[in-house]
Amino acid sequence: MPSQVSIREVGPRDGLQNEDVVPTDAKVRLLDSLSRNGVGRIEAVSFVHPKAIPQMADASEVWAAAARAEGVRYSALVPNSKGAERALAAGFTEIEVVVSASNTHNLKNVNRSTDESLDDIAGLIDLLHTAGATAEVIVSTSFGCPYEGDVDPKRVHAIVDRVLADGADRISFGDTTGMATPRRVLEVVDPVLQRHAGTPLLLHFHNTRGTALANILTALQLGVTEYDAAIGGLGGCPYAPGATGNVATEEVVHMLEDMGIDTGIDLAALIESAKLAQEIVGRELPSGVLKAGPRI
């Protein structure tokens, strides 16, 4: 087991994009709260067309108003080169771009085929590197698709080979539908670790079927040390019917701390952030730690 793990908080972007539109000032309050609890990385906003994801229409305003904490790495998600140009103009130096392993999901998500997205990503990587920014490629539906069902791990591996050859700095595997299980994690992740040793790798699990923590445990045993999580278990995907939220950040921190794995995060402060998130979205969030509190 690793002795230390890095968690990227994705509640402000992935979490809020699946809720009713949240006022800009409330988004800033949540972002600032998360910046103060020891989280080392935060996915702050996404620069997408407002007609596609109206919940992120105020990305520039949120980022301009946020109190950025020293030592916290902030990133932005973009769907294409135009979004990347907006993110760069806003001052981001860590950019994420997404492509789906499932062609059907990619068409619904960004209105182009997987191959077309990969061609665009190749140019986008050059654009980001020229501007002094890094490019993280998120392979969505890596463990299954709501439209096509099972996704062949070899298809995921081929996408990874392609984007790394094109210069991607980091890789992330997205469990968009919550279909991942420990077996699927082994089949997708282990060959990539063997083939591309040293490449930064992050895993993003949804908890639709209750397997997220088991999947993280499996990945820890493989040596993976970077994970996405969302405060309170916020999240979902507008183009993955039935997919529920991400694994809750406080649940991940609770488990890792009890295992003696350091996250650098203040769990009590994190729970307060989760309460704020619950207040902002106006509904009970699914996190068990939020409901029960930290262990006594």
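Assorted remarks:
- 20 Å reach of a label modelled at Arg195, 7 Å along Cα-to-Cβ, counting backbone N of region 201-224: 201-204, 219, 222-224
- If both residues of a DSSP beta bridge must be in region 26-174, then about 5% of such bridges are antiparallel.
- Most to least accessible of Arg13, Arg162 (protein chains only, probe 1.4 Å): Arg162, Arg13
- Less than 5 angstrom separates the built amide H of Cys145 from those of Asp150, Val151, all sequence-distant by 5 or more or on a different chain.
- Surface calculation, 1.4 Å probe, protein heavy atoms: Ile138 sits at approximately 20 Å² accessible.
- For the chain, a Gaussian network of Cα nodes joined below 10 Å ranks Glu136, Glu19, Glu70 by mean-square fluctuation, and the top entry is Glu70.
- Within the listed set Asp152, Asp228, Asp175, the Gaussian network model of the chain (springs between alpha-carbon atoms below 10 Å) gives the highest mean-square fluctuation for Asp152.
- This model, with +1 at the C-beta of Lys and Arg and -1 at the C-beta of Asp and Glu, gives the chain a dipole about its Cα centre of some 280 debye.
- Accessible area per residue in Å² at 1.4 Å probe, computed on the chain: 39
- Taking the 1.4 Å solvent-accessible surface of region 151-296 as the whole, the part contributed by carbon and sulfur is 51%.
- Pairs of lysines in the chain (C-alpha under 21 Å apart; 8 or more residues apart or interchain): 6
- Taking a sphere under 12 Å around the Cβ of Glu187 and counting the other residues whose Cβ falls inside, with K and R at +1 and D and E at -1, yields a net charge of +1.
- Only beta bridges with both residues in the chain are counted; by DSSP, about 5 percent of them are antiparallel.
- DSSP beta bridges in region 162-296 [antiparallel fraction, %, rounded to 5]: 10
- Taking the helices alone, the chain has a mean residue ellipticity at 222 nm of -12500 deg cm²/dmol, built from -39,500 (n - 2.57) per DSSP H run of at least 4 residues and averaged over all its residues.
- Ligands, DNA and RNA left out, the accessible area of region 1-148 computed with a 1.4 Å probe is 47% carbon and sulfur.
- Farthest towards the positive end of the charge dipole of region 34-162, among the residues Asn106, Gly38, Pro54, is the Cα of Gly38, using unit charges on the Cβ of Lys, Arg, Asp and Glu.
- Among Met179, Met259, the sequence by solvent-accessible area, most first, with a 1.4 Å probe is Met259, Met179.
The values are calculated or read from the model by the stated rules, or taken from the named source; none is laboratory data. None of the values given here were measured: they were computed from a predicted structure. All Cβ positions, glycine included, derive from the backbone under ideal geometry; neighbour counts span all protein chains shown. Surface accessibility is based on the protein's heavy atoms, side chains included, excluding ligands, DNA and RNA. Shrake-Rupley method; radii C 1.70, N 1.55, O 1.52, S 1.80 Å.
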